[in-house]
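Take a look at the structure set out below.
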Amino acid sequence: MVRFQSLLEFIIAITLLVGTTAFGNPVGQSSSPQAAGSRSQESVASHVAKAPNIHPPSQIHQSGFAPDSHLLNVKDYGATGDGRTLDTKAISRAVEACSHSGGCILLVPPGHYVTGTFELLSNVTLDLEPGAVLEGSTDVNDYGYLADYGFGRVYPVNSSGEGARMGMIIARNATNVSIIGQGTIDGRGDTFMDPHVPHFAGGFNPRLTRQGDAFLKAMHDVQFGPIQPKDEGRGRPGTLMIFSHCSNVLIRGVTIRNAPNWTVHFAYCTHVVATDFRILNSLLIPNDDGIDSISSRDVHISNCDIRAGDDDLAIVSSRNVTVTGCSLVSHSSAIRLANTRYGTFSNLTILSNRGIGVFHEKGDISKDLLFTNLVIRTRLITGDWWGNAEPIFISVAAGQKGNDTGYIESVRFSNIIINSEAGILINGAEDCPIRGISLQGIKLHIAAPAPEIAAEVGGNFD
């Protein structure tokens, strides 16, 4: 009978026994690459679960797997990370090798990896180590075309972002895809913009505004943006990261910055988690939305900082969405919803032009939405942005006829502190009423905008 001098010796012995029998290798001895490549994700996860202390804590990889798990490195496939060489093909080779081996953790070590469009495949965890930066190429020709990846131009059915180009990362029909780590994804959006030219959509009649031509002039002011993309919008890449028809998607830990277009787009996805991340975009760039969830379900966003010129969160035609513990900054809407059911938005701070917008087009149904424990600060600004400093904006498109108009109902706002430069606006229509709106525990303080801005754009409604 073996006697142990302490409980610690007993635990170590049991750990060694489990570690030896799990794969037939002594603890601390790595398997061959062939053996590592044959391990399934399930067996690796089982190994870690059975022997969580097999390695000292300092050797446990941040992904949660021990060092002898199936790991690949983009540099082993030709990526340089020197900030000059285009690494798109090398990264693509590494992703393909990882996926074709049954899945792995694909390490991106410290360095600056310049890249155009590459595809993320099933069972790949892209792990950006501290100091690793994926930098978008400044040559728009290094990015693919939306049409070549099955996208069209019909919003919100099959489009993504503005323009005809792809962005950096695309995942299609993939399962178990992750982007994690403490590194950075940099879209270098400023490169593609002209800071001296306003981006003006002109979707209004200036004669119907209170200020007339003065209002039109203020819409061309570039102080708060939006500024014009080069080459009349054709000179910038598309959505930085697209996940289309994917399941089990994870974004964790990374910093995403300076997107030239939409930042993250979940299209027809299920089981999405985005947590402990940052999106730091320019407040002057149009269409640089933070996260767009379109026709997706079971989407959970938490513990994030999102800063964008356009909408921080655009939730459209989605189901079962939760957002909590985030700070949102925007020159448009912090949260924009349409045709969405079953969502909760809690413990958020908002600094924006418009705080929360719930919109409706014919046939849409938005219901069972909860907004609680929020702090909202809105400001009136110039430039052709959506919003006029409304902290809460609910609107039905006018002129709807027939039996299939849809509706907005059962939307609750509670425990909200608001400091704004406009009031709450709820705008229904005769053939499409808004019902079941609840406002409880709302503290609303309305302050006057800056006099010069009020004179230019104040007193108008979208």
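The values are calculated or read from the model by the stated rules, or taken from the named source; none is laboratory data. Remember, it's a predicted structure, so these values are computed and weren't measured experimentally. Here the Cβ positions follow ideal geometry from the backbone for every residue, glycine too, while neighbour counts run over all protein chains shown.
Residues of segment 372-398 that are β-branched (Val, Ile, Thr) and either touching a Ser or Thr at 6+ places or on another chain (Cβ under 6 Å) or closer than 21 Å to residue 447 by Cβ (or both): 372, 375, 376, 378, 381, 382, 392. May I ask you to list the residues in segment 142-171 that are touching a helix residue (DSSP H, G or I) at 6+ places or on another chain (Cβ under 7 Å) and outside any helix (DSSP H, G or I)? Across segment 142-171, the qualifying residues are 160, 162, 163, 164, 165, 166, 170. No other residue among 307, 336 is surrounded by fewer than 24 Cβ atoms within 10 Å (Cβ to Cβ), over 15 Å from residue 270 (Cα atoms) and out of contact with any helix residue (DSSP H, G or I) (no Cβ under 6 Å at 6 or more places or on another chain) apart from 307.
Residues are listed down the side, and each one gets a yes or a no for (1) among the polar types (S, T, N, Q); (2) surrounded by fewer than 19 Cβ atoms within 10 Å (Cβ to Cβ); (3) within 30 Å of residue 454 (Cβ to Cβ):
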| site | (1), (2), (3) |
| --- | --- |
| 330 | yes, no, yes |
| 384 | no, no, yes |
| 395 | yes, no, yes |
| 410 | yes, yes, no |
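A count restricted to segment 340-388 and to residues that are more than 23 Å from residue 304 (Cα to Cα), of a type in the set (Ser, Thr, Tyr) and in contact with a strand residue (DSSP E or B) (Cβ under 8 Å, 6 or more places away or on another chain) stands at 1. Close Cβ contacts (under 6 Å, 6 or more residues apart or on different chains) running from residues in segment 195-218 that are without any contact (Cβ under 8 Å) to a residue 24 or more places away in the chain and surrounded by 13 or more Cβ atoms within 10 Å (Cβ to Cβ) to residues that are hydrophobic (A, V, I, L, M, F, W, C) and in a helix (DSSP H, G or I) comprise 206/215; 206/216. Summed over segment 276-306, the residues that are in contact with a Leu (Cβ under 8 Å, 6 or more places away or on another chain) and either over 26 Å from residue 139 (Cβ atoms) or among the hydrophobic types (A, V, I, L, M, F, W, C) (or both) give a count of 5.
State all residues of segment 219-266 that are surrounded by fewer than 18 Cβ atoms within 10 Å (Cβ to Cβ), touching a Pro at 6+ places or on another chain (Cβ under 9 Å) and either within 30 Å of residue 178 (Cα to Cα) or charged (D, E, K, R) (or both); if no residue qualifies, say none. Residues satisfying the conditions are 221, 235. All conditions in (1) assigned to a loop (DSSP other than H, G, I, E, B); (2) buried (at least 16 other Cβ atoms within 10 Å of the Cβ); (3) at pLDDT 90 or above hold for residue 400, with the sole exception of (3). When segment 116-140 is filtered for residues that are closer than 21 Å to residue 193 by Cα, out of contact with any strand residue (DSSP E or B) (no Cβ under 6 Å at 6 or more places or on another chain) and either in a strand (DSSP E or B) or at pLDDT below 95 (or both), only 136 remains.
Given the options 389, 422, name the one that is under 27 Å from the mean Cα position of the chain (by Cα), in a loop (DSSP other than H, G, I, E, B), buried (at least 16 other Cβ atoms within 10 Å of the Cβ) and not β-branched (Val, Ile, Thr).
389
Of the strands (runs of 3 or more DSSP E) lying entirely inside segment 211-291, those containing at least 3 residues that are within 19 Å of residue 160 (Cβ to Cβ) are 241-244, 247-252, 264-267, 270-280.
Mind counting the residues in segment 88-107 that are outside any helix (DSSP H, G or I) and either closer than 20 Å to residue 254 by Cα or aromatic (Phe, Trp, Tyr) (or both)? Steps first, answer last, please.
Let us first name the residues in segment 88-107 that are outside any helix (DSSP H, G or I), namely 101-107.
Subset that is either closer than 20 Å to residue 254 by Cα or aromatic (Phe, Trp, Tyr) (or both): 104-107.
Total meeting the criteria: 4.
Restricting attention to segment 49-87, the residues being modelled with pLDDT under 95 and in a loop (DSSP other than H, G, I, E, B) number 17. Annotation note: of 394, 381, the sole residue that is among the β-branched types (Val, Ile, Thr) and part of a loop (DSSP other than H, G, I, E, B) is 381. In this structure, is residue 412 under 24 Å from residue 325 (Cβ atoms) and either without any contact (Cβ under 8 Å) to a residue 24 or more places away in the chain or in a strand (DSSP E or B) (or both)? Answer is yes for this residue.
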